[in-house]
Amino acid sequence: MGSKYTRGCCGWLIVALIAALVATAAMFAIMKRKPGGRHIKPLPVPGPPGAIDSKYGDALGVALQFFQVQKAGKLENNQIPWRGDSALTDGKEAGLDLSKGMYDAGDHMKFTFPMAFTATVLSWSVLEYGDQMSAAKQLDPALDALKWITDFLIAAHPSDNVLYIQVGDPDLDHNCWERPETMTEKRPLTQINKKTPGSDVAAEAAAAMAAASMVFKSRDTTYSDVLLQHAQKLFTFADTYRGLSSESYPKLQDFYNSTSYVDELLWAASWLYHATGDQTYLSYVTVQNGKSYADWGRPTWFSWDDKNPGTQVLLSRLNFFGSKQISNAENEGLKMYRDTAEAVICGLIPDSPQATASRTGGGLVWISGWNSLQHATNAAFLSVVYSDYMLSTRTAAVQCSGKYYSPTDIRNFAASQANYILGDNPMKLSYLVGYGSSYPKQVHHRGASIPADAKTGCKGFEYLHSPSPNPNVATGALVGGPFQNDTFVDSRDNAVQTESSTYNSGTLVGLLSGLVTTSSVVQSFT
């Protein structure tokens, strides 16, 4: 019996040893995937801007030129030979100078809503990547473009509860095909006020001015203070007199039909907290309204209409870098924003279990046919920002349904979208006009399509329908983009694909600035 017992004991010992080895191997495999494990280790924090990637540096220089193409008003140091002064009397009927700002797309409308969004994301780009822009010698053009818009926003907000949200009549404008320099049709003004509110537009303008106030704080303190005062008053106006601009003015539904205003309220309050440090703004987005307004746990697409993904990433910054003044309840809200931001990121990484299937065969995130590149550009911009938050705080990885992805994985996704735009696509076409050897030649853009010396009056439609390339190059224009099958038809009559928009350029500048070189991001904007 003794020998039998001994043999059994040895058998169980062998089984136990094998089980221990299996458990160790399993633990090792798990550790390899976990943040801080043996495989995914926190990467070193990048130092000052390193070597410039010439591809992204050149593209950034091209992209910034589109803001010069889109400028209205009396031009200063004009670098676009076929552009001249235009819209000089905008605002005159109200005793205002609304001549500045930028035209929306290929037309000559000024819509405050997407223009303010352009200023917000351009400000964000400078705040995160100003050093990188400077290293690439592109910071000054970005600041110039931003101030051209914020000058307009200041002028468009003549009193606390009034904001001009549109210059021009879309019907009159779209019935003409002419250069902006020769416009003669009426340019009526549209305003929001207490009786006809537009919380979406007012809050977006507040976000733009709050963000820009931080950009200009070290450069022009007086101007920065003016911007911040306007931002605070506009936020109060937006929050107190609630309503959608497209309900106050139903015709807006044909152009910029905002689907909600609560996302803009959260977006504006988030920027105001960064600009002021005033705890009431942080409480507004976390404790008071986060659960009701923020759609925590439901990732969406960042755009001129939906600011929630941008707010989630922006507020993740506070969760990454921390602050002693933040209460436990506020921190809980910030964690929910960050968790949702990670869900957004997990939906973008191609091999993530949560990856969206909404992509072209060539790998471009593709959500809608009209202006298809906006979502890819916006998503890639948020991705590169989030990856840099991770790098700067030595955060090893994000978890997506049990799989782990490093900042490099996230950055690679962002680069893939930028590379597609710049020509790494089935058409072998750069969708950034003026970059590379092959790009769209028939951009749906009035000024670009008409010779500078042509006298068309309002009816220059022969140039819209002409099969010839544009006589003027709309340098820096990011056209609408490809269909879901990666095809593109270069025709001015094909506005769905060939029209460019100013608001796409803001996030494109941010994306390229984030990729142009590696660098840590600042812990605080102020």
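The values are calculated or read from the model by the stated rules, or taken from the named source; none is laboratory data. Keep in mind it's a predicted model, so treat the numbers as computed, not measured. Don't worry about glycine lacking a Cβ; one is built from the backbone with ideal geometry, like all the others, and counts go over all protein chains shown. Protein only, heavy atoms only, side chains kept; ligands, DNA and RNA dropped before computing areas. Shrake-Rupley method; radii C 1.70, N 1.55, O 1.52, S 1.80 Å.
Odds and ends about this structure:
- Of (i) 25.5, 113; (ii) 23.6, 91; (iii) 26.3, 94, the label for Rg and Dmax of the Cα atoms in Å derived from the coordinates: (i)
- Considering helices alone, the calculated mean residue ellipticity of the chain at 222 nm is -15500 deg cm²/dmol, with DSSP H runs of length four and up weighted by -39500 (n - 2.57) and normalised per residue.
- Relative contact order of the stretch 52-514, defined on C-alpha pairs under 8 angstrom at six or more residues apart (%): 19
- With a cut-off of 13 Å between beta carbons, the residues surrounding Glu264 carry a summed charge of -4, where Lys and Arg count +1 and Asp and Glu -1.
- When peptides 114-120, 410-416, 67-73 are ranked by their average number of other Cβ atoms within 10 Å per residue, the highest-first order is 114-120, 67-73, 410-416.
- Greater than 21 Å apart at Cα, pairs in Lys186/Lys459; Lys55/Lys428; Lys92/Lys455: Lys92/Lys455
- For Val126, the accessible surface of its heavy atoms amounts to roughly 10 Å² (probe 1.4 Å, protein chains only, rounded to the nearest 10).
- Percent accessible area from carbon and sulfur atoms, the stretch 52-514, protein chains only, probe 1.4 Å: 49
- Counted residue by residue at 0.36 nm each, then reduced by the alpha carbon distance between them, the extension gain from Lys455 to Lys335 reaches 37.3 nm.
- At a probe radius of 1.4 angstrom, the accessible area of the chain per residue rounds to 39 square angstrom.
- Heavy atoms of Arg242: accessible area, 1.4 Å probe, square angstrom to 10: 90
- Between the stretch 502-526 and the stretch 115-132, the alpha-carbon center distance in angstrom: 7
- Annotation: amide H-H contacts under 5 Å for Gln166 (H modelled 1.01 Å from N, sequence separation of 5 or more, or interchain): Thr112, Thr190.
- The heavy atoms of Glu332 present about 120 square angstrom of accessible area, all protein chains included, probe 1.4 Å.
- Nearest 10 degrees, 0 to 90: helix 199-215 Cα axis against the chain principal axis: 80
- Residue-count net charge about Arg394 - beta-carbon cut-off 14 Å; Lys, Arg +1, Asp, Glu -1: 0
- Sparsely packed loop sites in the stretch 444-496 (the trypsin sites (Lys or Arg not before Pro) outside DSSP H, G, I, E and B with at most 12 other Cβ atoms within 10 Å) comprise Lys455.
- Asn371 sits among other residues whose Cβ lies under 13 Å from its own Cβ, and their net charge, with Lys and Arg +1 and Asp and Glu -1, is -3.
- Taking all protein chains together, Thr340, Thr393 sort by accessible area into Thr393, Thr340, largest first [probe 1.4 Å].
- Separation of the Lys403 and Thr280 label points, Cα + 7 Å toward Cβ, nm: 4.7
- Helix 139-155 and the long axis of the chain differ in direction by around 60°, with both axes built from C-alpha atoms.
- Reach of Lys137 by Cα under 14 Å, taken over aspartates and glutamates that are not fewer than 8 positions away in the same chain: Asp53, Asp58
- One Cα centroid belongs to the stretch 198-257, the other to the stretch 304-342; the line between them spans 21 Å.
- Proximal lysines to Lys307, defined as alpha-carbon separation beneath 19 angstrom and excluding residues fewer than eight positions away on the same chain: Lys291, Lys335
- Angle between the chain longest axis and helix 502-515 axis [Cα atoms, degrees, rounded to 10]: 40
- In terms of the mean number of neighbouring beta-carbon atoms within 10 Å, the peptides 419-430, 94-105 order highest first as 94-105, 419-430.
- Order of exposure, largest accessible area first, which applies to His174, His274 with probe 1.4 Å: His174, His274
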